[in-house]
1. When the Karplus curve 6.51 cos²θ - 1.76 cosθ + 1.60 is applied with θ = phi - 60°, which whole-Hz ³J(HN,Hα) does each residue of region 227-233 get, with x for Gly and Pro?
2. So, R0 is 41 Å and r is the distance between the beta-carbons of residue 62 and residue 99; what FRET efficiency does that work out to, to 0.05?
3. Go through region 209-216 residue by residue and turn each phi into a ³J(HN,Hα) via Karplus (6.51, -1.76, 1.60, θ = phi - 60°); whole Hz please, and just put x for glycine and proline.
4. Per 0.36 nm of contour for each residue apart, how much would the distance between residue 266 and residue 217 grow if the chain were fully extended, relative to their Cα-Cα spacing?
5. Taking H as built 1.01 Å from N, whose amide H comes closer than 5 Å to the amide H of residue 79, not counting residues under 5 places away?
6. If r is the Cβ-Cβ distance from residue 226 to residue 246 and R0 is 22 Å, what FRET efficiency results, to the nearest 0.05?
7. At 0.36 nm per residue, minus the direct Cα-Cα distance, what do residue 124 and residue 191 gain on full extension? Give it in nm, one decimal, please.
8. Taking the beta-carbon count within 10 Å as an exposure proxy, list 65, 173 from fewest neighbours to most.
Amino acid sequence: MDIVAKFAARLILLIFVGGLLAATLARTSPGYGVDEEELDVRLKAESFQALRTVQAKAPDAVTFYCRYMSRLIRGDLGVSIALHEPIRKLIAERSPETLKSVGLALILGWMTGLGLAAASVMTRSAWMDTGASLLAAAVLCIPVAVLALFCAMTRTPGRLVIAVVVFPKVFKYARTILVRSFDLPHVLMARAKGLGPGRILLRHILPVAAPQLLALAAISVSIAITAAIPVESLCDIPGIGQLAWKAALSRDLELLVILTMIVTCITLLANCSAELLSGRRQGVNA
């Protein structure tokens with residue numbers, strides 16, 4: 001229970017700090033406070049002055065954040081300035097798309113990455129190992145935006161890009177973990193007894209490598225969420241990533257803060273869950 005309380009306290013603190021940093025960066029970024037309505041040539045001088053008067057009354061980042069947090073505690077997420085809709089409604093409508101994108105990417109990325117890593121380690125084939133490593137390295141060198149633009153131009157499902165981004169990370173680290181586990185004494189004994197590769201992998205390698213693979217799973221969640229922002233924006237997928245992109249472009253402060261807190265919360269929960277499960281697994285093995 002002490003470990004859970006420690007993780008909960010760290011989670012709350014980092015979410016609070018993450019939201020404050022997002023508010024500060026947005027307030028100090030170039031162009032903040034410039035309203036798009038000022039570009040309208042039809043506006044009169046009085047209208048320009050009214051807009052600038054409203055902008056001048058905006059509180060500083062710390063004051064804004066304290067006020068926003070007090071409303072957030074009461075369940076008021078605010079209204080998007082750019083989209084003119086309640087933030088709670090926007091998040092509820094767009095979350096399923098992002099969950100679908102990230103979930104599909106994690107499944108496909110892990111199936112491909114872990115499958116190739118296991119095949120290259122268990123078969124001990126230099127050709128397979130070299131080919132899979134070159135493929136992962138080549139994909140790793142291509143920017144996410146380029147892959148997303150390619151999918152948009154070829155009308156390929158953009159969600160596949162996130163899986164392509166997850167794959168090389170999973171392959172690289174899973175291969176390293178499996179290679180180390182493959183040379184452990186109990187695995188060498190199982191090989192000496194003539195056990196098949198599949199049985200060795202499932203019964204002697206994966207259980208030992210489970211804590212490291214759980215940590216890798218947490219990292220892959222963060223990678224998928226990060227990749228979802230440019231992918232959803234460029235491929236026109238109406239998810240949280242596209243919403244974050246629009247909020248950044250329009251400097252929608254309240255929307256940016258809550259999205260930053262949500263992403264921070266998901267990332268930290270994934271990492272904390274992996275740490276707890278890894279510690280529990282190691283305790284059972286010990």
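1. 6, 5, 5, x, 5, 5, 6
2. Rounded to the nearest 0.05, the efficiency is 0.80.
3. Whole-Hz 3J(HN,Hα) from phi for region 209-216: 7, 4, x, 5, 5, 5, 5, 5.
4. 16.4 nm
5. Placed amide hydrogens put 87 under 5 Å from residue 79.
6. Result of the calculation: an efficiency of 0.80.
7. Numbers: separation 67, 0.36 × 67 = 24.12 nm, distance 1.31 nm.
Extra length available between residue 124 and residue 191 comes to 22.8 nm.
8. The order, fewest Cβ neighbours first, is 173, 65.
Each value in this text was obtained by applying a stated rule to the coordinates, not by laboratory testing. Note that this is a predicted model, so its numbers are computed, not measured. Here the Cβ is made from the backbone with ideal geometry for all residues, glycine too, and neighbour counts use every protein chain on show.
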